[in-house]
Amino acid sequence: MADIAIWGVIAALGTATFATRLSFLALLGEGELPVWLRHVLHYVPPAILAAIVAPQLLAGAPGLAATLDGPRTAAALAGLAVALVTRSTFATIAVGMAVLWGLTLL
Amino acid sequence: MPSSDRQQAFRAGILACLPLSPGVMLFGMVCGAAAAAAGLTPGQSFALSWLVFAGSSQIVATQLFAAGAPGWVIVLTGWVVNLRFMMYSATLAQHFRGTTRLERWLAGYLLTDQAFAVTLARVLDGRKDIPWFFLGIAATLWVFWQVASLAGIFLGARVPASWSIDFVVALTFIGVLAPLLRNRAMAAAAAAGGLTSVYLVLPLKLNLMAAALIGAAVGIAMETGMKQGKRKR
């Protein structure tokens, strides 16, 4: 992508994000979120977070050819277990990386 | 609110931020390093960090830049990741009555998951000094984030590839995702999103957009089903 186009994308994403954050603060809570939108906003984060993570835990191209990547899949499951119990991002990263390094060095 | 109360609330916010700082700094460094590794210039990488100022969205944009996705797909997908801020904004606004426009615009710019979560805990404690407490924690997180981003942008390239430091990104997302999996509907939304992004191959890297929409639809359907199930019993 051309340099100027990259700047345009960054500026557009920044502006859209700021507008989203400011939305109800600017209105001082005068507006109310419609129920259906509240539902969508509630379920988008888990869906998209999982969508970002899932391909990184597999080997091969996305699609039917994707297979489990031993060390990465194991490290991710260990990280998930730690995250569910401790709710600490730092502990999740520490344990997950330790498992990944341990398995790849073996 | 008298200015001494404001200062006190602001300082309490700064203190409340400190336990979060190691995780935030690590995530910020990874985001900076990822942007630089994707081929963005240091200036562009840093602009992403202070203009967008949202780690998950920055990572998504970075990955899509690296994959050669069209600009509109990058903006749309990166923005969908940030839609949740509208919900935070609506909740926070109820506690920002009586503040100046500058305070509200600052709060809007600085709004993040962590600042919102900690401030919400203070709301539930019944405290009234919410605006300046929020600004204290959010501004401190902003400073940590920018410093970490710069460190990542300039030092990231020196980390050997054999350390698989890119995996920190996946683990960070798992760390953010896990607390959201509070019930079956949320877990179903996550499972549907993950499966969609792996098995549905779409042109223009639209997989993530599709995964977000399908995941949300599955979550809503599951919630509706669970409610009806309860009613029948």
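Where a number appears in this text, it was derived from the coordinates with a stated rule and is not lab data. Being a predicted model, the structure only gives us computed values, none of them experimental. Counting neighbours? That spans all protein chains shown, and the Cβs are built from the backbone with ideal geometry, glycine included.
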| note | In degrees, nearest 10, the alpha-carbon axis of helix A:35-53 is tilted away from the dominant principal axis of the alpha carbons of chain A by 30
| task | Please name whichever of B:ALA47, B:GLN7, B:GLY23 sits farthest to the positive end of the charge dipole of region B:1-117, dipole taken about the Cα centre and charges placed at Cβ: Lys and Arg +1, Asp and Glu -1. | result | B:GLN7
| note | Here, trypsin sites (Lys or Arg not before Pro) of region B:1-104 satisfying both criteria (DSSP loop; at most 16 other Cβ within 10 Å) are B:ARG97
| field | Charge-dipole axis of chain A as Lys and Arg at +1 and Asp and Glu at -1 on Cβ define it, positive-most pick from A:ILE52, A:ILE10, A:LEU68 | value | A:LEU68
| Averaged over all directions, how much area does the convex hull of the C-alpha atoms of the protein assembly as shown cover when projected, in nm²? | 18.4
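Determine the calculated [θ] at 222 nm for chain B from helices alone, applying -39500 (n - 2.57) to every DSSP H run no shorter than 4 residues and normalising by the residue count; nearest 500 deg cm²/dmol.
Details: 12 runs with 172 residues, N = 233.
Result for chain B: -24000 deg cm²/dmol, rounded to the nearest 500.
For each of B:THR100, B:THR112, count neighbouring Cβ atoms within 10 Å of the residue's Cβ, then give the residues from fewest to most. It would help to have the intermediate numbers written out before the result.
Numbers: B:THR100 10, B:THR112 21.
The fewest-first ordering by Cβ neighbours comes to B:THR100, B:THR112.
In chain B, which helices (entire DSSP H runs) extend 20 Å or more along their own long axis, judged by Cα positions, while averaging at least 1.6 on the Kyte-Doolittle scale? Could you put the intermediate results ahead of the total?
Working: long enough: B:3-17 (21 Å, -0.17); B:21-37 (23 Å, 1.57); B:130-155 (37 Å, 1.75); B:184-199 (22 Å, 0.90); B:207-232 (37 Å, 0.32).
Length and hydropathy pass: B:130-155.
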| note | Rounded to the nearest whole number, the per residue volume of the convex hull around the C-alpha atoms of chain B in Å³ is 154
| query | Among A:GLU32, B:GLU103, which comes first, second and so on when ranked by fewest other beta-carbon atoms within 10 Å? | reply | A:GLU32, B:GLU103
| Dimensions of region A:42-105 along principal axes (Cα, Å, largest first)? | 40, 33, 12
